Amino acid sequence: MAKYADTVINRKIAAVDKVFSYAIPKQWQKQIVPGMIVRVPFNRELIEAVVVATGDNPPPNISLREIEALVYDQPLFSRQLLQLSRWVADYYCCPWVSAMQAMLPAGLMLSGSMPRAALGEYYYWQEDSKQKLTPLQQRLADYLILHKEAERSQLLAAGFKHAFLNSMIKKGNIGSQKRRISAFGDSFNTQKTVLSQSQQQAIKEIADFWRDNDNPVLLFGVAGGGKTEIYLHLIEQILSQGQQAIVLVPEIALSAQMVEMLHLRLSGPVAVLHSGLNGADRRRIWQEIAEGSIDVVVGARSAVFAPLPRLGLIIIDEEHENSYKQDNQPRFHARETALMRCRLSGAKLLLGSATPAIESFYKAENGEYRLVQLRDRYYPAPPPQIEIVDMREQLRCGNRSIFSQQLVSAIDRALNRREQTALFINRRGYYSFYSCRSCGEAVYCPHCNIAMAYHKDKNLLCCHYCGMSMALPEVCPHCGSKAIRHFGIGTERVCDEISKLFPQARVARLDSDVMNKKGAHQRIISEMREGQLDILVGTQMIAKGLDFPQLTVAAVIAADTLLNLPDWLAAERTFQLLNQLAGRAGRRQRQGEVIIQTYMPEALALQAVAADDYQGFYQTELAQRQMHDYPPFKHLLRLLFSCSSLSPLVTATAAWGNHLQKIIGDQGIVYGPAAAPLAKIKDRWRYHIILKGDDLQLLRNAVEQAETLITDSGLPIKDIIISIDVEPMNLM
């Protein structure tokens, strides 16, 4: 019987984003299944393709070309992951093959050969060996009997030579076998924690709800309430049923902490998947997960695609975080993708946050999610005392420092008590920008049209978008004036200034510059947890989920840098981030102190943080969203256009705007085209068009129709790159 395969070609081009059928040669008819990678003739070349379906009896009167070769002898995608990839491609408007590639770890491409598994050779003593042994042979026998087996490297370290081991193998005294080296250790310590009454009630509510319902649960827990302990308890339940779990965290730095906690509680290996691992490690871990030998996977957003065959639970910690939205193709959101994966696999979805996304809380209010609240803090310390400091008043009192008197006093008290402080500033570098006092112009990156930041450790101006650096100018490049100097603050400067104020303090910095140094963030987090640091300065990552028992003071150096971003999510993100930061202070015995420095003390987001009033902020923000037609009341779709020349970009985006306006009519709103807030990056000009509407599918269809019209019109678009972002979380 003739068989054929439907395949998707490994080219991220719209013109070939469709299914192509090929005949399966007789020798592979039992071997080729959906999810396998094959090599097929396409036009005049051989190219890789993913098998998405197989069938008997191809359509009559059609001569199919044959599959030429197998790239891998095992499928890379399960049927469930193939379904999920199709959904990602449709929902987020990207080629199907792009969605598939996003599911694979770095270096495991849809072409080339499968990476070899790391194999180790394990030696054991042959019990039936009866010959008389020399002292050296007896020592080897005793060693192997004691350890049951050992790798060659262990035997060499114990003093045995290669030649001796080879002779013992040849004589039959010791046997050997090769098997995969696990990416994980085998020794674990199981520790139990006493649950609080509030935690027990939350677990009962979740279990009772999931007994008869598959809807997601939103765990709305006060900071310090012990959400992680509830995660661990639910994971243990899932594992006892023979199922597996995925835990998503917003930051790579948090993965190690979560894995450490899981290791202390579970009796099996826990895998970590995130971009901080090298390609070889990610491939090895991915292979073990796919084989079913790993039951718990922890990672950032891409871990939602971990190939667990018996998935029963996905947990998304800090579900509100915008880091769960991918910035490049496919621009998926881990929360929505996890929801679809749970529907396909019959798994449960738990979302956890002390400050849920507005959309998530709205769904909980309207019954799409089940809301479970964790109302009490786990440890006896009361909620932190939060003070908003008006920096305008500090100036009037003659304090021109970047630190208010209240903050200096709080740090001094913490140091005297041998407690710790966290200082948050949403800017890395030393100074935010260089500017001329004569003409007012800042020094901009010539490739990005973005103000360059000064980095003291390099003594250079650096662009945080393209990475270009330049020496400090002696005169203004615009007017030639010598009145040019630095302005603003970044993490480097905060570290420098705080070290001058408190020279006895042990100060460290945690930002993306530090994260680029291998192992640095884990070392700093470990030193902070063990009390080897007094003050930690950092960007957003120090506010998210980290638990430092001796941290009692947390401060925001400049809250206005968050509030003044040209983004419809600015207020929500400010509230969430500062609330998280406040939750880091005083998590054990002593009440924490939180100081928010600002020139806008009346801002709603800041007042809501000070009052610990999520409900008040939610209601006000929801009313604003409804007034201005933002989610959850309307869907958004953003088209971002970039080109190396401005003129053709303006012409092309104007044509797109006209077509979209005619297609959508009164069924939606078309904003633009207009220059993006970041109008030029890496020598490419950027324009965007934003669509709003009740029907997301209508917006997608409108984009598809407009693209067809633009193509048929013959408008030159050769150098124009178009990116489609469904439900964007960044309009910059």
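General remarks:
- Under the Karplus curve 6.51 cos²θ - 1.76 cosθ + 1.60, θ = phi - 60°, whole-Hz ³J(HN,Hα) for the range 603-612, x wherever Gly or Pro sits: 4, 4, 4, 5, 5, 5, 5, 4, 8, 6
- Mean Cβ count within 10 Å, highest first, over the residues of peptides 285-295, 417-427: 417-427, 285-295
- For the chain, share of DSSP beta bridges that run antiparallel, in % to the nearest 5: 55 percent
- Under 18 Å from the Cα of Lys517 - lysines, other chains or at least 8 residues apart: Lys456, Lys458
- Karplus (6.51, -1.76, 1.60) ³J(HN,Hα), θ = phi - 60°, over the range 11-24, in Hz, Gly and Pro reported as x: 9, 8, 10, 4, 5, 10, 7, 7, 8, 10, 9, 9, 6, 9
- The packing ranking, built from the mean of other Cβ atoms within 10 Å per residue, places the peptides 214-223, 70-79, 330-339 in the order 330-339, 214-223, 70-79, highest first.
- Per residue, the average separation of C-alpha pairs within less than 8 Å and at least 6 apart gives the chain a relative contact order of 10 percent.
- Pairwise centroid distance, computed over Cα atoms, of the range 325-380 with the range 3-61, Å: 37 Å
- Built amide H within the under 5 Å cut-off of Ala676, gap 5+: Arg686, Tyr687, His688
- Highest-first arrangement of 672-683, 565-576, where packing means the average Cβ count within 10 Å: 565-576, 672-683
- Among the listed pairs Lys500/Lys544; Lys18/Lys363; Lys18/Lys692; Lys634/Lys662, those whose Cα-Cα separation exceeds 23 Å are Lys500/Lys544; Lys18/Lys363; Lys18/Lys692.
- With pairing defined as another cysteine C-beta under 4.7 Å, the cysteines of the chain that fail it are Cys93, Cys94, Cys342, Cys397, Cys462, Cys466, Cys495, Cys643.
- Taking amide H atoms as placed 1.01 Å from N in the peptide plane, the amide H of Arg427 lies under 5 Å from those of Thr491, each 5 or more residues away in sequence or on another chain.
- Amide H to amide H distances under 5 Å link Met468 with Cys463, where only residues 5 or more positions off or on other chains count and H is placed in the peptide plane.
- Magnitude of the charge dipole for the range 229-363, about its Cα centre and with charges confined to Cβ atoms of Lys, Arg (+1) and Asp, Glu (-1), is about 460 debye.
Read-outs throughout are calculated quantities, based only on the coordinates presented, and are distinct from any laboratory measurement. These figures come from a predicted structure and were not determined experimentally. Glycine also receives a Cβ, built like all others from the backbone with ideal geometry; neighbour counts cover every protein chain displayed.
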